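Working notes, structure below.
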Amino acid sequence: MQEIKGEDYIVIYNPETESISFQGELTLGGPSEYQPIKDLLEQVVESETSAVTLDLLKLEFLNSSGISMLSKFMLKVKNEKNIKVTILGSNDVPWQSKSIKNFKRLLPSAELKID
Amino acid sequence: MTQKIDIEILKNYSREDLINLIQKLQQDLVKSQQNNEDIELLLETITDFSTGLENEIHSRNKEMSSYIEKVKLVTKAAIAVKEGTFEENHLDEVACRDDPLGTLAQIFQDMVRNLKARETQLADAKAQLEAVLNAVPGTISWISMEGFYIGVNQHLAKTLNLSPENFVGKELNFLKSSPEFSEFISEFIESSENSKTAEIPIYINGEQCYYLIVVQRYNDGTALVSVGIDITERRKAQKDLELERNAFARFVPSEYLEFLGRENIVNIQLGDHVSREVSILFSDIRSFTTIAESMTPQEIFNFVNNYLGAVSPVIRNYNGFIMKYIGDSIMAAFPKCPNDALNAGIAHIDRLNEYNRGRKRAGYIPISIGIGLHIGHIMLGIVGESQRFQGDALSDSVNLAARIESLTKIYGINMLISDSVFNNLENPQNYHIYFLDRVTVKGRKEAINLYQVLDAEDEKTIDFKLKTQTEFNLALEFYQQGKWNQAQDYFQKVLNINEVDKTALLYLKRIEILKTTIDPHNWDAVWHFNHK
């Protein structure tokens, strides 16, 4: 179990369920501030796993830099790995209802589970 | 952008063409990589910019929504105040803000704090007032102008075996315990009076009690408060006192008290007295001791009370009052005029005759009485010692009336009056009154004239008296002149007509004595009685 914690957010990686849970509000300033999360994502991808779940259900807010980071992660998987990606999202969270489907455009193999 | 290269065509390319192509492709690749980097840079720049913007908007939104949250808290607090569930610390997290909302919350807290303090004060004052009102040993009720209970105090509720809540909003007479009270209140409401007092009967546990009720308007006359005190005991005491006084009144008549200028028996003191000129009536049963000899004490009492009960009312009927009873004798006073006394005396005889008819029917011997009337000053007062006193009339005049009465026996007539009575009568011609004698009684030097009242005699006596009138008057004339023999002749003539005429017999006996003791020339026509 690994986690990255900020003032308004927490990101938890659970290897057993092969899921990364994003909670709270991600309003970090730019790529450098997102770097620790980005590193975590890459580490998971590199760890010979065959599937990963991104749980965004409790992620209330994500800014453009965050979206950029996740988008790049999708591209990286598409280009480099054969990993099954599942994204859990919610239509109740404004940013998710608009942006999550774009992840599938970047990674057509990804599975979207939207409440 | 580089054209798509057909591999088949490339087979025909020369080495130089190929090198050229590779060179061109290399250049294209570098260009493309350059482009790619530019686009990525552009993306980074835009992302950076939008991230900054988003973060700012987001933080403002957050701030705004937290502000709205606080406003919601204040609104909630207002509702809590209304519902009475507000606690001061409800707004602490808003009040600590350093902005207008914080100030609003602080003002709100202050206001609520003051309000609560006042509420507590008010509740304290109310509790205090209630405690006082409940401690008051009287009934208190608040009543609306429509005649309904607004409330009552503990004492009132308890008196009627209820609790104060049972009264709120009820009609005044909902217990049917006192229609008089409801009537009193509605009369008061309709009147323009500010307050009113009355003694009102109220049924409590089936017993009639009395309350002194004071009612008063309050709240600018829009409601009224009624305060009541139980006066049942007091009234009872008052009634008992009245009964007691009435009981006393039988011993000391109210006329007696009036005479003494006293309102009631309680005010009477030993030595109280008053001196006045009144007509005095003295009556006595003749030979009472002889009659009484054959009776038991109880029979004597019964007899005397029977007799006094039969004849006493006539005294009151003629404005007189009984000063005292002495055994079978009545001593009465008539303050107004001598006619009252004379009429009472005549009625007294009438009543006696009636009484005697009753006695005769029952097989008893009729009794005879004597009545003496006199006018004089009497001293009416209270004698005795402080533990036992009685009314009494102390006066020479009273004694004289008694002496005159006792003379009736000697003259054999029912009633004798003194000249003081005769001379003061109004319309003496309405009666049949005749001069009888001029005498002094034992213990007195002054001579008085005595008159017989025929109206008080029975028919037979009147008949004889009228028949012997001329002879009797002549006899008296001779007697007064000291002409003993002529006087004797005429008295004898009277006796010839009425052999039991006691007066004539008395005169004859007297003349026998006078003949030997008195010189007719010194005769003043006054006979001196030396016995009682």
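The values are calculated or read from the model by the stated rules, or taken from the named source; none is laboratory data. Being a predicted model, the structure only gives us computed values, none of them experimental. Cβ: placed from backbone, ideal geometry, glycine included. Neighbour counts: every protein chain shown. Accessible surface areas use protein heavy atoms only, side chains included; no ligands, DNA or RNA. Shrake-Rupley method; radii C 1.70, N 1.55, O 1.52, S 1.80 Å.
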* Asked: under 60 Å from the mean Cα position of the chain (by Cα), more than 30 Å from B:P164 (Cα to Cα) and free of Cβ contacts under 8 Å to residues at least 12 places away in the same chain: does that describe B:D110?
  -> yes
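Residues are listed down the side, and each one gets a yes or a no for (1) open to solvent by 70 Å² or more (accessible area, probe 1.4 Å); (2) more than 14 Å from every other protein chain (Cβ to nearest Cβ); (3) β-branched (V, I, T):
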{"position": "A:E60", "(1), (2), (3)": "yes, no, no"}
{"position": "A:S64", "(1), (2), (3)": "no, no, no"}
{"position": "A:K84", "(1), (2), (3)": "yes, yes, no"}
{"position": "A:S109", "(1), (2), (3)": "no, yes, no"}
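Name the residue, out of A:M69, A:M74, that is out of contact with any strand residue (DSSP E or B) (no Cβ under 6 Å at 6 or more places or on another chain), open to solvent by less than 20 Å² (accessible area, probe 1.4 Å), away from chain B (no Cβ under 14 Å) and not hydroxyl-bearing (S, T, Y).
Of the residues listed, the single one that is out of contact with any strand residue (DSSP E or B) (no Cβ under 6 Å at 6 or more places or on another chain), open to solvent by less than 20 Å² (accessible area, probe 1.4 Å), away from chain B (no Cβ under 14 Å) and not hydroxyl-bearing (S, T, Y) is A:M74.
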* Boolean, B:Y490 is among the aromatic types (F, W, Y) and outside any helix (DSSP H, G or I) -> no
* Report yes if B:G151 is of a type in the set (G, A, S) and assigned to a strand (DSSP E or B), otherwise no. => yes
* Structure fact -> A careful count of residues in region B:426-447 that are in a loop (DSSP other than H, G, I, E, B) and either surrounded by fewer than 18 Cβ atoms within 10 Å (Cβ to Cβ) or β-branched (V, I, T) (or both) gives 10
* Output the qualifying pairs, or none if there are none: Cβ atoms under 6 angstrom, residues six or more apart or on different chains, first residue in region B:44-70 and over 14 Å from A:T27 (Cβ atoms), second residue modelled with pLDDT under 85 and open to solvent by less than 60 Å² (accessible area, probe 1.4 Å). => B:K70/B:V94; B:K70/B:L101
* To do: For region B:151-164, state whether one or more residues are buried (at least 16 other Cβ atoms within 10 Å of the Cβ) and of a type in the set (D, E, K, R).
  => no
* **Total residues in region A:1-46, condition charged (D, E, K, R), within 14 Å of chain B (Cβ to nearest Cβ) and in contact with a Phe, Trp or Tyr (Cβ under 9 Å, 6 or more places away or on another chain)** => 3
* Asked: Does B:N339 count as assigned to a loop (DSSP other than H, G, I, E, B), closer than 21 Å to B:R276 by Cα and not aliphatic (A, V, I, L, M)?
  -> no
* Tell me, please, whether a residue that is within 14 Å of chain A (Cβ to nearest Cβ) and either in contact with a Cys (Cβ under 8 Å, 6 or more places away or on another chain) or surrounded by fewer than 12 Cβ atoms within 10 Å (Cβ to Cβ) (or both) can be found in region B:21-38. => yes
* To do: Mind telling me which of the residues B:L21, B:L73, B:L25 ends up being in contact with a His (Cβ under 9 Å, 6 or more places away or on another chain) and farther than 30 Å from A:S68 by Cα?
  => B:L73
* What is the one condition in (1) open to solvent by 50 Å² or more (accessible area, probe 1.4 Å); (2) outside any loop (DSSP other than H, G, I, E, B); (3) out of contact with any strand residue (DSSP E or B) (no Cβ under 6 Å at 6 or more places or on another chain); (4) within 21 Å of A:V44 (Cβ to Cβ) that A:R105 does not satisfy? -> (4)
* Asked: Out of B:N161, B:N134, which single residue is in a loop (DSSP other than H, G, I, E, B) and not hydroxyl-bearing (S, T, Y)?
  -> B:N161
* Asked: Taking region B:280-294 only, how many residues are closer than 21 Å to B:R403 by Cβ and surrounded by 15 or more Cβ atoms within 10 Å (Cβ to Cβ)?
  -> 8
* Asked: Out of region B:514-532, which residues are closer than 24 Å to B:E405 by Cβ and not basic (K, R)?
  -> B:A525, B:V526, B:W527, B:H528, B:F529, B:N530, B:H531
* Kindly indicate which of B:G363, B:G327 is exposed (fewer than 14 other Cβ atoms within 10 Å of the Cβ) and under 41 Å from the mean Cα position of the chain (by Cα). => B:G327
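Could you identify the single residue in B:V81, B:V94 that is assigned to a helix (DSSP H, G or I), β-branched (V, I, T) and more than 60 Å from the chain's Cα centre (by Cα)?
Checking each option against the conditions leaves just B:V94.
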* Asked: If you check B:Y67 against the conditions, is it among the hydroxyl-bearing types (S, T, Y), more than 14 Å from every other protein chain (Cβ to nearest Cβ) and in a helix (DSSP H, G or I)?
  -> yes
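One line per residue, one yes/no per condition, for (1) under 30 Å from A:E33 (Cα atoms); (2) away from every other protein chain (no Cβ under 14 Å); (3) touching a Gly at 6+ places or on another chain (Cβ under 9 Å); (4) surrounded by fewer than 10 Cβ atoms within 10 Å (Cβ to Cβ):
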{"residue": "B:L43", "(1), (2), (3), (4)": "yes, no, no, no"}
{"residue": "B:G52", "(1), (2), (3), (4)": "yes, no, yes, no"}
{"residue": "B:N55", "(1), (2), (3), (4)": "yes, no, yes, no"}
{"residue": "B:S59", "(1), (2), (3), (4)": "yes, no, no, no"}
{"residue": "B:F86", "(1), (2), (3), (4)": "no, yes, no, no"}
{"residue": "B:A105", "(1), (2), (3), (4)": "no, yes, no, no"}
* Asked: Which of the following residues is over 30 Å from A:E33 (Cα atoms), open to solvent by 80 Å² or more (accessible area, probe 1.4 Å) and either within 14 Å of chain A (Cβ to nearest Cβ) or of a type outside the set (G, A, S) (or both): B:D17, B:D98?
  -> B:D98
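Sort through B:T470, B:T503 and tell me the only one that's open to solvent by 80 Å² or more (accessible area, probe 1.4 Å), farther than 17 Å from B:L281 by Cβ and assigned to a helix (DSSP H, G or I).
Unique residue meeting the criteria: B:T470.
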* Residue within region A:21-33 that is outside any helix (DSSP H, G or I), open to solvent by less than 10 Å² (accessible area, probe 1.4 Å), closer than 30 Å to B:I39 by Cα and hydrophobic (A, V, I, L, M, F, W, C) present -> yes
